[in-house]
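Take a look at the structure set out below.
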Amino acid sequence: MAKIKRIGVLTSGGDAPGMNAAIRAVTRTALYHGLEVIGIRHGYDGMINGYFKLMKTFHVSDIIQRGGTILKTARSEGFRTPEGRKEAYERLKERGIDGVVVIGGDGTFTGARIFGEEYDIPLIGIPGTIDNDLYGTDYTIGYDTALNTVIEAVDKIRDTASSHNRLFFIEVMGAEAGFIALRSGVACGAEAIIIPEVKDQVKNLRAFLEEGYKRKKSSNIIIVAEGAYPGGAFGVADAVKDDFEGYSVRVTVLGHIQRGGSPSAFDRFTASRLGYAAVDALLDDQQSAMVGLQNNEIALVPFNKAVKLHKEVKKEYLEFANVLSI
Ligand code: F6P
């Protein structure tokens, strides 16, 4: 008999499409195993304040296709403090919660790692962030949907860019990482992709664009990761556009549309798979670890590694992206 009887589940940090599918999978897997499930609303803030809700199977009906998170989310300041974490632990104990599944990214797992070191409570993480920047997992929930949102928007911008012979700088999210930019840039045939992980790209961009103009390129789409350059896409545009001949320049910041929308099939499937695996891990007495995907297999990655080690982008993708955009 598993010693865990009642688990909590929360979402924290930036929401990501597919989080609801993960909540559904955690809830139903736990109920299947005879556990009680408590939804913790508003992330770690809800843990501190006792925003708890008993979850039955019907509470997660009709949500697999919905973006956002039915449990709400927050970037909790309180949980960064020892006092806040103490409050949180007391609320969990009062409610008899003896294991928690946390769905989120880097900040979420950093909090979970510290909490798990301070208090005797098993925590298992599910990677959920559009940024895909977590070490130890090939994919995070929401990344695929965000990529599809980006390419749909960029395809539309391409129509107007080529109609006017324009140079478009399009900023995508990703925090300090270039995963969204790199993959969406390849997928929409961007002429250049500017990411934080590669230095001096902007220095060479102007010459590259002039070359393209000589080759009679009618438009250029430059995907800029938000963390790649001071001022983001506006900053890059300012750096290259002075006296630019041939093209007029426009800048588009895609912003938070990248975080919303109905999750893709891949995100729904992955979220369901990871949600199931997370409860399995708790029942198996695992703790302080994230369930990730490595080469399409479930992998248990200690929070320590997931938050402290750096996930590398595949810079070689830029090489073929450059070749394909001539
Ligand atoms: O981590 C997800 C993310 O969307 C990042 O790509 C972005 O930098 C950040 O969150 C934006 O955060 P907020 O919604 O708090 O402005």
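Worth a mention:
- Rounded Å value of the spacing that divides the Cα centres of the range 1-63 and the range 171-211: 38 Å
- Loop-located GluC sites (Glu not before Pro) in the range 9-116 whose Cβ has at most 16 other Cβ within 10 Å (DSSP): Glu77
- When the chain is treated as a GNM with alpha-carbon contacts under 10 Å, the residue of Ile170, Ile97, Ile126 showing the greatest mean-square fluctuation is Ile97.
- Put a plus charge on the Cβ of each Lys and Arg, a minus charge on the Cβ of each Asp and Glu, and nothing anywhere else: the dipole of the chain about its Cα centre is then about 640 debye.
- Judged by the ratio a/c of the largest to the smallest principal axis of the C-alpha gyration tensor, the range 144-259 counts as oblate, that ratio being 1.5 or greater while a/b is no larger than b/c.
- The angle between the Cα long axis of helix 265-283 and the longest principal axis of the Cα atoms of the chain comes to about 30 degrees, rounded to the nearest 10.
- Mean Cβ neighbour count within 10 Å, used as a protection proxy, ranking 143-149, 132-138, 7-13, 48-54 highest first: 7-13, 143-149, 132-138, 48-54
- Placing unit charges on the Cβ atoms of the charged side chains and taking the dipole of the chain about its Cα centre, the candidate lying farthest along the positive direction among Gly189, Thr11, Gln287 is Thr11.
- Between the helical axis of 82-94 and the longest alpha-carbon principal axis of the chain there is an angle of about 50 degrees.
- Given Lys199/Lys314; Lys72/Lys156; Lys72/Lys311; Lys199/Lys311; Lys53/Lys93, the pairs whose alpha carbons are separated by over 21 Å: Lys72/Lys156; Lys72/Lys311
- Expressed as a whole percent, the accessible surface of the chain that belongs to carbon and sulfur atoms is 50, based on a 1.4 Å probe.
- For Asp280 and Lys305, a Förster radius of 22 Å and the Cβ-Cβ distance give a FRET efficiency of 0.65, rounded to the nearest 0.05.
- Inter-site label distance for Ser248 and Lys53 at 7 Å from Cα along Cβ, in nm: 4.9 nm
- Förster-model FRET efficiency, 30 Å R0, Ser262 and Leu31, C-beta, rounded to 0.05: 0.75
- On a per residue basis, the range 263-326 carries 56 Å² of accessible surface, using protein heavy atoms and a 1.4 Å probe.
- Summed residue charge, Cβ within 13 Å of Phe168's Cβ, Lys/Arg positive, Asp/Glu negative: +2
- Note that the range 144-259 presents 45 Å² accessible area per residue, ligands and nucleic acids not counted, probe 1.4 Å.
- The chain, helix-only ellipticity at 222 nm - DSSP H runs n ≥ 4, -39,500 (n - 2.57), divided by all residues, nearest 500: -13000 deg cm²/dmol
The values are calculated or read from the model by the stated rules, or taken from the named source; none is laboratory data. No experiment lies behind these values; they were computed from the predicted model shown. Backbone-built Cβ (ideal geometry, glycine too); neighbour counts: all protein chains shown. Ligands, DNA and RNA are excluded from the accessible area calculation, which covers all protein heavy atoms including side chains. Shrake-Rupley method; radii C 1.70, N 1.55, O 1.52, S 1.80 Å.
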